[in-house]
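Here is the structure we will look at.
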Amino acid sequence: IKSDKIFSGEVIYKLEGPGVDQEPKNLFEIDDKTGVIRSKRPLDREQYSSFTLKAFALSPSGERLENPTTIEIVVLDQNDNKPVFTQKQFFGSVSEFSVPGTLVMSVLATDADDPMTENAALGFSIVGQDSIPPNAVNKTMFGINNQTGAIYTRDVGLDREVVKEFKLKLRVADMWGDGLHSDAVAIISVSDINNHAPQFRPASYSMKALENSYNIEIGRVSVTDRDDPGTGNWEAKYTISNDPYGNFAIQTDPVTNQGIMTVVKPLDYEVKREHNLILTVENVNPLSSKTPNLPLSSAAVLVTVVNENEAPYFKENPIWIEVPENEEPGKLLKSNIASDPDHSELRFQISKDPEGWLDIDRDTGNIFLRRSLNMKSPHVKNNIYSAVIKVTDVGGVSASATVNIILEETNDFPPQVRPLSSFLCTGDSRATPGLLMTAVDEDRPPHAAPFSFLITDSLSLNWTVNKVNDTHTVLSPTIDLEAGEYAVTVWVTDSGSPSQSALTQVNVTVCHCDSYGDCRSESGAFLVSSVGISFIALIIIIACGALLLGKCHAE
């Protein structure tokens, strides 16, 4: 640099800025007498591509002679950096049978030199191709765009069943491909398309299934598929036809791709001994449009049902039988009670019969009444008597059933009047006396109360009965009677169907009572008078007694 002030005196030059007195320091220097700027050591454009400095013209005393001048130093690029790929290995994939020109992948590279010069102008190329398995393909299958690094297919014939993978040796060089260079590898996998339908091998199978068993494997079928194992293009999907009741199912083994046959509903040897099934198979993924449209592969499966000794069974369990309590022994109560799926011979026996009321034919299973029934047995609960019977086939397999006998109440006993004898008071000072009577019946409802009382004997015309409630009546004379012994015939009828009746002679002693009204009062007689208890109180006592009696009888 030169200053105009050199013509009027001495000028001293000075330089400041990055590369001089600022980082990076000591790259440049200036001759303070001549103004010549020099570099002190080699520069690296990739580190500092330019420097902006200020130059000063000073007097010997250090005074500025003029304004500082800006000096711009540009470092010119030299091709001292080779391009490098962004990765040592690139990975990509391409579908088999892709047409030429199909984009596979793109690779990238960088160059540290000036991008505005040819020093960083990159060119891509493929310098080697290997296949896995080796030498499976001899022609060049891939090309690369020289400027963009895009790799594409350039020939037909990509078949995954022939070659699984390609390994390409890539090169990038600056100076448009003629300068410095470096290499990388591109690994390209040939991806599978579903161009092979699964095929049964063999096409027919025989299997056996035990009757009454289910959710167990009975056999397997196999298919072949040349597509990539473990993918949806290879995985088989099976279908069963000719199985109207849905007894069978098939699932795919994810490891072997076999079809696993199972029985999902029990089979019956006695109903059907063989099942002829048809299987079809297809892939989980649909076939490629490049595959010929052929019917699905099919296979025939013959399933033979294996017989087993099935247990006999009762046609109803428990067995309910209604029997009148007065049924005669020897009566057939039930027949045709059990069956055997295998149609084998059966043997019957009674395993529980606490009263010994039942008998069973060991060959036919017919149930008979062996002894008379008794409603009062402690083994009869709520009119039900329970027993247990057992049936066994020739193979020793057995079954049991409960027999519930419902005892139907019958009207077996006529009612009986109570009491059979008693006392009544008579006298001018007393009203007409009456005797409280009831009836007892060994039967249970509805064959007992309510009772009907009648006076039917012509010799008892001087007596009458008046109803108190369903179980009690009052026997009283219709005229004043002399003291003495009287025999009154009373007709009593229960409410059974058919009803039972009985004639009963009631002995009544009519006597004079003392001032206290005592005439064997414990006999059960009562006296309607102002001295005795009132009639209303008497009715209350009778009603309470009837309720207690009815409760005890029901229990």
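Some observations on this one:
- Set LEU168, LEU158: member being open to solvent by less than 40 Å² (accessible area, probe 1.4 Å), outside any strand (DSSP E or B) and in contact (Cβ under 8 Å) with a residue 12 or more places away in the chain: LEU158
- Residues being in a loop (DSSP other than H, G, I, E, B), open to solvent by 50 Å² or more (accessible area, probe 1.4 Å), farther than 30 Å from ILE405 by Cα and among the β-branched types (Val, Ile, Thr) are represented in segment 277-292 by at least one member.
- A single entry from THR256, THR231, THR148 fulfils the requirement of being more than 43 Å from the chain's Cα centre (by Cα) and outside any strand (DSSP E or B): THR148.
- Of the residues THR456, THR473, the single one that is in contact with a Phe, Trp or Tyr (Cβ under 6 Å, 6 or more places away or on another chain) and open to solvent by 70 Å² or more (accessible area, probe 1.4 Å) is THR456.
- Tally of residues being hydrophobic (A, V, I, L, M, F, W, C), surrounded by fewer than 17 Cβ atoms within 10 Å (Cβ to Cβ) and in contact (Cβ under 8 Å) with a residue 24 or more places away in the chain across segment 476-496: 4
- Scanning segment 96-108 for residues that are open to solvent by less than 50 Å² (accessible area, probe 1.4 Å) and either in contact with a helix residue (DSSP H, G or I) (Cβ under 8 Å, 6 or more places away or on another chain) or not charged (D, E, K, R) (or both) turns up SER98, THR102, VAL104, MET105, VAL107.
- The set of residues from segment 50-82 being open to solvent by 80 Å² or more (accessible area, probe 1.4 Å), under 30 Å from THR110 (Cβ atoms) and not in a strand (DSSP E or B) comprises LEU76, GLN78, ASP80, LYS82.
- Single unsatisfied condition, GLY230 versus (1) more than 27 Å from GLU310 (Cα to Cα); (2) open to solvent by 30 Å² or more (accessible area, probe 1.4 Å); (3) in contact (Cβ under 8 Å) with a residue 24 or more places away in the chain: (3)
- Subset of segment 333-352 that is under 17 Å from LYS315 (Cβ atoms) and touching a Leu at 6+ places or on another chain (Cβ under 8 Å) - its residue that is surrounded by the fewest Cβ atoms within 10 Å (Cβ to Cβ): LEU333
- If you go through segment 65-74 and pick out every residue that is touching a strand residue (DSSP E or B) at 6+ places or on another chain (Cβ under 6 Å) and within 22 Å of GLU10 (Cβ to Cβ), you end up with 5.
- Some residue of segment 268-281 being aromatic (Phe, Trp, Tyr), at negative phi and at pLDDT below 95: yes
- When residues in segment 293-325 are screened for being assigned to a loop (DSSP other than H, G, I, E, B) and open to solvent by 80 Å² or more (accessible area, probe 1.4 Å), 6 of them pass.
- Scanning segment 387-401 for residues that are open to solvent by 50 Å² or more (accessible area, probe 1.4 Å) and either within 24 Å of LEU332 (Cβ to Cβ) or of a type in the set (Ser, Thr, Tyr) (or both) returns LYS390, SER398, SER400.
- Residues satisfying the stated conditions in segment 259-274, i.e. without any contact (Cβ under 8 Å) to a residue 40 or more places away in the chain and outside any loop (DSSP other than H, G, I, E, B): GLY259, GLU274
- Subset tally (residues that are of a type in the set (Gly, Ala, Ser) and at pLDDT 95 or above) for segment 132-159: 3
- Residue pairs whose Cβ atoms lie under 8 Å apart, sitting 6 or more positions apart in sequence or on different chains, and linking a residue in segment 330-346 that is without any contact (Cβ under 8 Å) to a residue 40 or more places away in the chain to a partner that is loosely packed, with under 13 Cβ neighbours inside 10 Å, are ASN336/LYS315; SER339/LYS315.
- Segment 8-23, subset over 18 Å from ASN67 (Cβ atoms) and open to solvent by 40 Å² or more (accessible area, probe 1.4 Å), residue nearest to the chain's Cα centre (by Cα): GLU23
- Any hit, segment 116-134, residues being without any contact (Cβ under 8 Å) to a residue 40 or more places away in the chain, assigned to a loop (DSSP other than H, G, I, E, B) and under 25 Å from ASN195 (Cα atoms): yes
- The set of residues from segment 178-223 being part of a strand (DSSP E or B), among the β-branched types (Val, Ile, Thr) and either within 16 Å of GLU282 (Cβ to Cβ) or without any contact (Cβ under 8 Å) to a residue 12 or more places away in the chain (or both) comprises VAL221, VAL223.
The values are calculated or read from the model by the stated rules, or taken from the named source; none is laboratory data. The structure displayed is predicted, hence computed values, not measured ones. Note: ideal-geometry Cβ built from the backbone for every residue, glycine included; neighbour counts use all protein chains shown. To get the accessible areas, we keep the full protein, side chains included, count just its heavy atoms, and leave off ligands, DNA and RNA. Shrake-Rupley method; radii C 1.70, N 1.55, O 1.52, S 1.80 Å.
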